[in-house]
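I'd like to ask you about the structure that follows.
The values are calculated or read from the model by the stated rules, or taken from the named source; none is laboratory data. Given the structure is predicted, the values throughout are model-derived calculations rather than measurements. All Cβ positions, glycine included, derive from the backbone under ideal geometry; neighbour counts span all protein chains shown. Note: accessible area is taken over every heavy atom of the protein model, side chains too, but ligands, DNA and RNA are not part of it. Shrake-Rupley method; radii C 1.70, N 1.55, O 1.52, S 1.80 Å.
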Amino acid sequence: MNGPLIAVTGASGAVGGRVARRLARTGAPVRLLGRDPARLPDIPGADRAPAAPYGDGEAMRRALDGAHTLFLVSAHESPDRVREHATAIDAAVAVGVERIVYVSFQGAAPDATFTFARDHWETEAHLRTAGVRHTFLRDNWYQAGLPAMTGTDGVLRGPGGEGRVAAVTHEDIADAAAAVLLDEGTDHDGLAHDLTGPEAFTLAEAAEELSRVTGRPVVYVPETREEAYASRAGYGAPEWEVAGWVTSYEAIANGELAAVSDAVPTLTGRPATSFADFLAANPDSYRHLLPAG
C-alpha cells in the first residue's frame with residue numbers, strides 16, 4: 001500500500017463500489033464506508049469502517065479518523081439529504097480530512113428544474129465554505145437508467161419533450177473519479193467536472209436504440225406534467241420523491257442536461273462510452289424488454 005488513505009462512502013453501491021475497486025487495484029490505501037457494514041464489498045486490501053450513516057456525526061468522525069481524502073457519494077434522496085451531507089462534511093473536517101471529492105449532478109443550481117439538483121447545489125455551497133480542499137464531479141443521467149425506466153410494455157414515458165440528455169455510464173464516472181482521487185496535486189481543487197457521455201440524444205432516440213438491440217418496438221411517449229404525476233401515482237411514493245422523478249425529465253425538456261463535456265476523455269485518456277456501446281456491453285440492462293421466448 002502506498003499513498004494517503006482514501007475513504008470511499010457508498011461503497012456497497014454502483015458508484016462507490018466501482019471506485020473503491022479501481023483504487024484498491026492501484027495499491028492505494030482504501031477504507032470502505034456504508035450505513036450497513038455487512039453490505040460492504042469484499043475488496044482485497046481495503047479496510048472496512050464501522051457503520052457510518054451520513055447523518056450521524058460521531059459515527060462519521062470515527063469512520064473517517066486518519067483519512068486524507070473523502071470520496072463523498074451523495075446520499076439516497078430524502079428530505080434530510082442536505083443536512084446529512086453537511087453532517088458528513090463537518091465530521092470529515094473535524095478529524096482532519098484534507099480533501100473531499102463530492103458526487104454532484106450536472107446543472108446543480110439553486111433554481112435547477114430537477115429538484116434533487118438543488119440539494120446538490122446546497123451541498124456544494126456548504127463544501128465551499130467548509131475550509132477543505134474540494135472537487136465536484138457533476139454526473140449527468142445514468143445511461144443504465146434509460147432501459148431501467150422503460151416498462152415491460154416497451155414504453156419510456158415522461159415529460160422530457162424533445163430535449164437532449166448527455167447520459168453517462170457508471171464505468172466512465174468511476175474511471176474519472178479514480179483519476180481525480182489518485183491525483184494528489186491541486187489541479188482539481190475548486191473545480192467542477194461535468195461527467196457526460198460523448199453525445200446528447202433525445203429520449204425518442206434512446207427508445208430507437210433500445211428497439212434496435214431488443215428487436216421489438218420500444219417507444220418514447222412524452223407526457224405533460226399532469227400526465228407524469230398521474231402515471232406515477234400508483235407507486236405510493238411520497239410527494240417530494242415523485243416531484244424528483246418528474247422534474248428530472250423536465251430538466252431534459254428545458255435543455256439543462258444537453259451539454260456534452262470533455263471531462264471523461266480528459267481525465268481517463270479514452271473516449272466516453274456511447275449509449276449504443278453501453279447496451280452492447282450490458283445486455284442484462286434491457287433483458288426485461290426482450291421478446292418472450
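If contacts are Cα pairs under 8 angstrom and at least 6 residues apart, what is the relative contact order of the chain in percent?
Once divided by the residue count of the chain, the mean separation gives 17 percent.
For the ranges 50-57, 194-201, what's the packing order if you count other beta-carbon atoms within 10 Å of each residue, average per peptide, and put the highest first? Kindly include the intermediate steps, with their values, before the conclusion.
Working: 50-57: 17.6, 194-201: 21.5.
Highest-to-lowest ranking by the protection proxy: 194-201, 50-57.
Relative contact order of the range 106-160, please, whole-number percent, based on alpha carbon pairs below 8 angstrom and at least 6 residues apart.
24
Step by step: find N for the range 142-293, compute 2.2 N^0.38 Å, then divide the Cα radius of gyration by it. What's the final number?
Working it through for the range 142-293, the quotient is 1.14.
Would you please calculate the Kirkwood hydrodynamic radius of the range 216-293 over all C-alpha pairs and express it in Å, rounded to one decimal?
Radius from the Kirkwood sum: 16.0 Å.
Something else now. Would you give the gap between the C-alpha center of the range 130-166 and the C-alpha center of the range 221-243, rounded to a whole Å?
17
Cβ neighbours within 10 Å, averaged per peptide: list 112-125, 142-155, 62-75, 35-48 in order, most packed at the top.
62-75, 112-125, 142-155, 35-48
Points 7 angstrom from Cα along the Cβ direction at Glu162 and Arg133: gap in nanometres?
Result: 4.7 nm between the two label points.
Which value, in Å², gives the accessible area per residue of the range 171-293 when a 1.4 Å probe is used on the protein heavy atoms?
Numbers: 6030 Å² over 123 residues.
With the other protein chains kept in place, the range 171-293 gives 49 Å² per residue.
Note the full-extension length gain between Val95 and Tyr235 as 0.36 nm times their separation in residues minus their Cα-Cα distance, in nm to one decimal.
Stretched out fully, the Val95 to Tyr235 stretch lengthens by 46.2 nm.
So what are the range 158-240's ellipsoid semi-axes, whole angstrom, largest first, if each one is the square root of 5 times an eigenvalue of the alpha-carbon gyration tensor?
Working through the eigenvalues yields semi-axes of 33, 19, 12 Å.
So for the chain, what are the equivalent ellipsoid semi-axes in whole Å, largest first, each being the square root of 5 times an eigenvalue of the Cα gyration tensor?
That gives 33, 21, 18 Å for the three semi-axes.
So if R0 is 30 Å, what FRET efficiency would Asp183 and Ala38 give, r being the distance between their Cβ atoms, rounded to the nearest 0.05?
0.40
With unit charges on the beta carbon (Lys/Arg positive, Asp/Glu negative), name the residue among Gly234, Ala24, Gly34 whose Cα is farthest towards the positive pole of the charge dipole of the chain.
Value computed over the given set: Ala24.
So what are the three principal axis dimensions of the range 1-152 from its Cα atoms, in whole Å, longest to shortest?
If we take the Cα atoms of the range 1-152, the spans are 42, 40, 24 Å.
So what is the calculated 222 nm ellipticity per residue for the chain, using -39500 (n - 2.57) for each DSSP H run with n of 4 or more, over all residues, to the nearest 500 deg cm²/dmol?
-11500 deg cm²/dmol
Now for a different question. So for the range 73-153, considering every pair of alpha-carbon atoms, how many percent are separated by more than 16 Å? Could you put the intermediate results ahead of the total?
Details: 1767 of 3240 pairs.
Cα-Cα pairs in the range 73-153 separated by more than 16 Å: 55 percent.
Using the heavy atoms of the protein chains and a 1.4 angstrom probe, tell me the accessible area per residue for the range 100-158 in square angstrom.
For the range 100-158, the solvent-accessible area averages 33 Å² per residue.
Leaving out ligands, DNA and RNA, and with a 1.4 Å probe, what % of the accessible surface on the chain is carbon or sulfur?
50
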